[in-house]
């Protein structure tokens, strides 16, 4: 039997979290292994090795340590961890803060169960999930001060692979390059595209239709 993928819920609304846990249980391939009411409790458990999730469902508004603060920490210490943000907030500033700090997707809490499952599946399988609302925010953000750049074929290949769930080591293997060379590609593109994180590369790729969403 295939092992179920492990999910952690970080949300201070216990009734919502319990309902979400029940919904996830009906999906079959996922298993909720933990629930935390704020980012601090989750990070403490993560650092102590008590929870090792495949995916984290993270609320934005929480006491003690909110979603944005939690994402900033995870982006620095556990950048490979896949996080899907959940919130009642649909303002552009909040969405962009979560995404630029490493969240792989952002959905509203009134999303339908079918779309929620789609979001969970795509964050785990593809490495990101963007609704039309989120995509519009991303494109608006990029339109503020960016011009189309001329990219080399190998740079485009790297960008496409960086938009998947592949690690940088796996990308190096697929491109038949050393990890050190891939690090160079990444840093050069960060400067060329004027971005600071991998998610910034994804946003650029979406805007210029290098990838489809």
Before we move on, is residue 142 at pLDDT below 85, more than 28 Å from residue 38 (Cβ to Cβ) and buried (at least 16 other Cβ atoms within 10 Å of the Cβ)?
-> yes
Restricting the search to the range 7-28, which residues are surrounded by fewer than 17 Cβ atoms within 10 Å (Cβ to Cβ) and in contact with a helix residue (DSSP H, G or I) (Cβ under 9 Å, 6 or more places away or on another chain)?
-> 23, 26, 27
Filtering the range 173-213 down to residues that are farther than 20 Å from residue 128 by Cα and surrounded by 15 or more Cβ atoms within 10 Å (Cβ to Cβ) yields 175, 177, 182, 185
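Yes or no, residue by residue, for (1) assigned by TED's automatic domain parsing to the domain that holds residue 107; (2) part of a loop (DSSP other than H, G, I, E, B); (3) over 22 Å from residue 98 (Cα atoms):
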site: 16; (1), (2), (3): yes, no, no
site: 22; (1), (2), (3): yes, no, yes
site: 28; (1), (2), (3): yes, yes, yes
site: 31; (1), (2), (3): yes, no, yes
site: 43; (1), (2), (3): yes, no, no
site: 50; (1), (2), (3): yes, yes, yes
site: 53; (1), (2), (3): yes, yes, no
site: 56; (1), (2), (3): yes, no, no
site: 65; (1), (2), (3): yes, yes, no
Return yes or no: is residue 90 assigned by TED's automatic domain parsing to the domain that holds residue 123, modelled with pLDDT under 90 and assigned to a helix (DSSP H, G or I)?
-> no
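For the range 55-62, indicate whether the set of residues that are touching a residue at least 12 places away in the same chain (Cβ under 8 Å), more than 14 Å from the chain's Cα centre (by Cα) and either over 24 Å from residue 24 (Cα atoms) or buried (at least 19 other Cβ atoms within 10 Å of the Cβ) (or both) is non-empty.
Here is the first cut: in the range 55-62, the residues touching a residue at least 12 places away in the same chain (Cβ under 8 Å) are 55-62.
Next, only the ones that are more than 14 Å from the chain's Cα centre (by Cα) stay: 61-62.
Adding the requirement that they be either over 24 Å from residue 24 (Cα atoms) or buried (at least 19 other Cβ atoms within 10 Å of the Cβ) (or both) leaves 62.
Checking the range 55-62: at least one residue is touching a residue at least 12 places away in the same chain (Cβ under 8 Å), more than 14 Å from the chain's Cα centre (by Cα) and either over 24 Å from residue 24 (Cα atoms) or buried (at least 19 other Cβ atoms within 10 Å of the Cβ) (or both).
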Apart from one, (1) surrounded by fewer than 17 Cβ atoms within 10 Å (Cβ to Cβ); (2) modelled with pLDDT under 90; (3) more than 14 Å from the chain's Cα centre (by Cα) all hold for residue 44; the odd one out is (2)
Only one of (1) outside any helix (DSSP H, G or I); (2) surrounded by fewer than 17 Cβ atoms within 10 Å (Cβ to Cβ); (3) at pLDDT below 85 fails for residue 135. Which number is that?
-> (1)
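Being in contact with a helix residue (DSSP H, G or I) (Cβ under 6 Å, 6 or more places away or on another chain) and either touching a residue at least 60 places away in the same chain (Cβ under 8 Å) or crowded, with 18+ Cβ neighbours inside 10 Å (or both) is the filter here; which residues of the range 82-95 pass it?
The initial filter retains those residues of the range 82-95 that are in contact with a helix residue (DSSP H, G or I) (Cβ under 6 Å, 6 or more places away or on another chain), namely 82, 84-85, 92, 95.
Hits for the range 82-95 are 82, 84, 85, 95.
The values are calculated or read from the model by the stated rules, or taken from the named source; none is laboratory data. Keep in mind the model is a prediction, meaning the values are calculated, not measured. We place every Cβ from the backbone using ideal geometry, glycine too, and count neighbours over all the protein chains shown.
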